[in-house]
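The values are calculated or read from the model by the stated rules, or taken from the named source; none is laboratory data. Source: prediction; values computed, not measured. With ideal geometry, Cβ positions are generated from the backbone for all residues, glycine too; neighbour counts draw on all protein chains shown.
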Amino acid sequence: MKNPVRSRRNGKGATRPTKGKSVRVFGRVLKSVFALVVVSVLVLASQQIFVRANQPISEIQIGGEFDPRWTGQIETRLATYGGMGLLDVDLDQLKSEVETLPWVAKARVSRQWPSTLVVDLEEHRLVARWNETGYVSDQGLKIEGYRADEDLPLLRSKAAEPMELLQQYRRLSQAMSQINLQLIELHESSTGDLELFLENGILLKLGNKDLLNRIQRFIAVWKLELFQRADSIEGIDVRYANGLAVNWNTGLAHGAGVQHMGDAYGELAGR
């Protein structure tokens with residue numbers, strides 16, 4: 001009769017748990033419990049750190065480069081953040097909110113522990129008025145929505161973008177400064193024709209082509225003769241292949257009128 005009990009060494013038949021296996025199971029349980037305790041401690045510590053770091057905002061510091069007249073407006077806009085938890089503030093959202101103010105070019109927002117919110121502002125640097133309804137910044141941006149107190153030159157256009165006309169204004173203004181004239185208005189028509197209004201009241205019609213040669217021609221004639229009779233000039237038209245036309249208000253023998261200064265004057269620009 002065969003023996004029904006088989007040896008454990010051949011891997012067959014029933015077996016009973018050993019002491020070593022029980023120890024291994026207990027070790028795994030102990031590691032799991034330890035890991036759970038560590039995680040719980042870390043979570044609790046994180047919560048404590050967050051609570052301590054998230055102090056109610058007790059001060060909002062406002063700085064930067066902007067006109068003091070905007071201080072009240074920005075203080076009112078930021079007042080709702082007072083008392084809010086420092087970490088509860090969405091800095092990107094606050095930055096975007098502040099930059100919706102028409103005079104703000106750029107905003108920087110940061111936290112300063114334990115309980116201070118810091119807001120630095122940069123105002124648009126306006127260099128010209130635009131079509132009498134807005135302004136142009138030094139970056140060529142059209143700015144609308146508020147009125148500045150500055151006495152700025154006027155740019156008016158039905159065709160160009162602000163940056164394009166601003167660049168044209170800067171070039172022409174520099175040219176006028178060579179003969180001690182100040183450009184206060186630059187108008188561009190829908191066809192691109194330019195008209196320059198000078199501080200002395202003279203209107204200079206420049207047209208829309210060959211601008212460099214026309215300006216050089218005007219400067220040459222101005223230096224030679226016209227500067228001596230500036231008070232008698234209403235306007236000057238240089239939209240000619242050569243020469244220019246002067247609209248006099250007084251000073252001609254036969255009274256006011258237009259005098260065409262022909263080819264000889266046009267040749268002055270080439271000298």
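Of the residues LEU206, LEU226, which is buried (at least 16 other Cβ atoms within 10 Å of the Cβ), among the aliphatic types (A, V, I, L, M) and in contact (Cβ under 8 Å) with a residue 24 or more places away in the chain?
Numbers: LEU226 fails: in contact (Cβ under 8 Å) with a residue 24 or more places away in the chain.
Going through LEU206, LEU226 in turn, just one is buried (at least 16 other Cβ atoms within 10 Å of the Cβ), among the aliphatic types (A, V, I, L, M) and in contact (Cβ under 8 Å) with a residue 24 or more places away in the chain: LEU206.
So which residues in the stretch 156-184 are in contact with a Lys or Arg (Cβ under 7 Å, 6 or more places away or on another chain) and closer than 17 Å to ILE202 by Cα? Of everything in the stretch 156-184, just one residue is in contact with a Lys or Arg (Cβ under 7 Å, 6 or more places away or on another chain) and closer than 17 Å to ILE202 by Cα, namely ILE179.
Just so you know, in the stretch 134-183 the residues that are among the β-branched types (Val, Ile, Thr) and buried (at least 16 other Cβ atoms within 10 Å of the Cβ) include one that is nearest to PRO102 (Cα to Cα), and it is ILE143. The set of residues from the stretch 41-74 being modelled with pLDDT of 90 or more and of a type in the set (Phe, Trp, Tyr) comprises PHE66, TRP70.
Taking GLU161, is it under 21 Å from ILE233 (Cα atoms) and either of a type outside the set (Phe, Trp, Tyr) or under 29 Å from the mean Cα position of the chain (by Cα) (or both)? It would help to see each step written out before you state the result.
On the way: under 21 Å from ILE233 (Cα atoms): no; either of a type outside the set (Phe, Trp, Tyr) or under 29 Å from the mean Cα position of the chain (by Cα) (or both): yes.
Considered against the rule, which asks whether it is under 21 Å from ILE233 (Cα atoms) and either of a type outside the set (Phe, Trp, Tyr) or under 29 Å from the mean Cα position of the chain (by Cα) (or both), GLU161 comes out as no.
As a summary of the residue check, THR100 satisfies the conditions (1) surrounded by 15 or more Cβ atoms within 10 Å (Cβ to Cβ); (2) among the hydroxyl-bearing types (Ser, Thr, Tyr); (3) within 13 Å of the chain's Cα centre (by Cα); (4) more than 30 Å from SER190 (Cβ to Cβ) except for the one numbered (1). Scan the stretch 208-218 for residues that are under 36 Å from the mean Cα position of the chain (by Cα), closer than 20 Å to TRP248 by Cα and not basic (Lys, Arg) and the total you get is 1. For the stretch 87-100, a residue qualifies if it is touching a helix residue (DSSP H, G or I) at 6+ places or on another chain (Cβ under 7 Å) and not β-branched (Val, Ile, Thr), and exactly one does: LEU87. Of everything listed in (1) touching a residue at least 24 places away in the same chain (Cβ under 8 Å); (2) not in a strand (DSSP E or B), the single unmet condition for ASP151 is (1). With respect to the conditions (1) under 26 Å from GLN139 (Cα atoms); (2) surrounded by 18 or more Cβ atoms within 10 Å (Cβ to Cβ), ARG214 lacks only one, and its number is (1).
In the stretch 199-213, what residues are acidic (Asp, Glu) and at pLDDT below 95?
Step one: list which residues in the stretch 199-213 are acidic (Asp, Glu), which gives 199, 210.
If the condition is that a residue be acidic (Asp, Glu) and at pLDDT below 95, then ASP210 is the only one that fits.
It is to be established whether one or more residues within the stretch 75-96 are touching a Lys or Arg at 6+ places or on another chain (Cβ under 7 Å) and at pLDDT 65 or above. Within the stretch 75-96 (the criterion being touching a Lys or Arg at 6+ places or on another chain (Cβ under 7 Å) and at pLDDT 65 or above), the answer is yes, since at least one residue qualifies.
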